[in-house]
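Notes follow the structure.
The values are calculated or read from the model by the stated rules, or taken from the named source; none is laboratory data. The model shown is predicted, which means the values in this text are computed figures rather than measured ones. Every residue, glycine among them, receives a Cβ derived from its backbone with ideal geometry; neighbour counts consider all protein chains shown.
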Amino acid sequence: MFVVTGATGNVGSHVVKHLADAGAEVLALTRDPEAARLPEGVRAARTDELPLDGATALFLNPAVVWQVGSEKILERAKASGVRRIVMLSSSSVLSDLDPQTNPIGARHRALEDEVEATGLEWTFVRPGGFAANALQWVDQIKAGDVVYGPYAGAQMALIHEADMGAVSARALLADDLVGKAPELTGPESLSFADQVRVIGEAIGRPLRYEEITHEAARERMSGGFVTPEMADSLLRVFAELVDRPQAISPEVERITGRPGRTFAQWVEDHVAAFS
């Protein structure tokens, strides 16, 4: 049995779908099982109950781990007979920045270390920027034709959550990614300004991106999961990416056998959110 944490989230929902399509037995962990919309045959349970008995593999979403507690989840996994953990990590762990100035990478690296220390089989899926981060602009786009944000020229090869889900499911189902940590990107590098333009083309409105200061962006970004320190770390990364196209990783196509989805494809899949 495969257990998926964060099973109704952006990535977890795709992991569940791929596993179900492969005919696997899947248990989806979510905060509200009764409200979960899952593929036929997939069972749901509450995340905080951690019903891992009978599970052979676990998809680990860090956001869930940090809510429930890594020690609780990992000890329960070992005691329940889980043999393999596939963790959704981050390419930020590869940064050369000092961990003190890269809290996002440091936090993910620490969790990777905890997973390795269990002695179980592991795969760390390390995506870069999520295409879904563009949803942060929904309210601005609905309110007008200008999106305000930092570093208009910062370039990223954003990855579609469906591709992260496909790679993660492959790591759960097959053995060739055990002990590997594939870095994932989308197939093209786009600036923030280009991303807003692509969204405008999809919804039939001419949108533009207007750059704001580091301080103003830090205030906008801070809150909830994102601490002021994390906001500063992200903004430093954005500053370094201005006018520097991101290298494209071949891993999505190598692992799944199909090219990664473009940002334009992601926008088409989510166009209703911006309209």
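When the range 29-60 is filtered for residues that are aliphatic (A, V, I, L, M), at pLDDT 95 or above, in a loop (DSSP other than H, G, I, E, B) and under 18 Å from Lys78 (Cβ atoms), only Ala55 remains. Across the range 167-176, the qualifying residues are those that are of a type in the set (A, V, I, L, M) and surrounded by fewer than 23 Cβ atoms within 10 Å (Cβ to Cβ), and the one among them that is nearest to His270 (Cα to Cα) is Leu173.
If we scan the range 244-252, do we find a residue that is farther than 17 Å from Gly153 by Cα, without any contact (Cβ under 8 Å) to a residue 40 or more places away in the chain and either more than 17 Å from the chain's Cα centre (by Cα) or surrounded by 14 or more Cβ atoms within 10 Å (Cβ to Cβ) (or both)? Within the range 244-252, one or more residues are farther than 17 Å from Gly153 by Cα, without any contact (Cβ under 8 Å) to a residue 40 or more places away in the chain and either more than 17 Å from the chain's Cα centre (by Cα) or surrounded by 14 or more Cβ atoms within 10 Å (Cβ to Cβ) (or both). The residue that is farthest from Leu88 (Cα to Cα), counting only those in the range 1-28 that are touching an Asp or Glu at 6+ places or on another chain (Cβ under 9 Å) and assigned to a loop (DSSP other than H, G, I, E, B), is Met1. Please indicate, with yes or no, whether at least one residue in the range 19-27 is under 21 Å from Asp163 (Cβ atoms), among the acidic types (Asp, Glu) and either without any contact (Cβ under 8 Å) to a residue 24 or more places away in the chain or touching a helix residue (DSSP H, G or I) at 6+ places or on another chain (Cβ under 7 Å) (or both). Yes, the range 19-27 has at least one match. Has the range 191-208 got any residue that is surrounded by fewer than 13 Cβ atoms within 10 Å (Cβ to Cβ), assigned to a loop (DSSP other than H, G, I, E, B) and more than 16 Å from the chain's Cα centre (by Cα)? Yes, because at least one residue in the range 191-208 is surrounded by fewer than 13 Cβ atoms within 10 Å (Cβ to Cβ), assigned to a loop (DSSP other than H, G, I, E, B) and more than 16 Å from the chain's Cα centre (by Cα). Can you tell me how many residues within the range 109-125 are of a type in the set (S, T, N, Q) and either surrounded by 15 or more Cβ atoms within 10 Å (Cβ to Cβ) or under 16 Å from Ala63 (Cβ atoms) (or both)? Total meeting the criteria: 1.
Within the range 129-157, restricting attention to residues that are buried (at least 20 other Cβ atoms within 10 Å of the Cβ) and within 26 Å of Ile85 (Cβ to Cβ), the residue that is modelled with the lowest pLDDT is Gly129.
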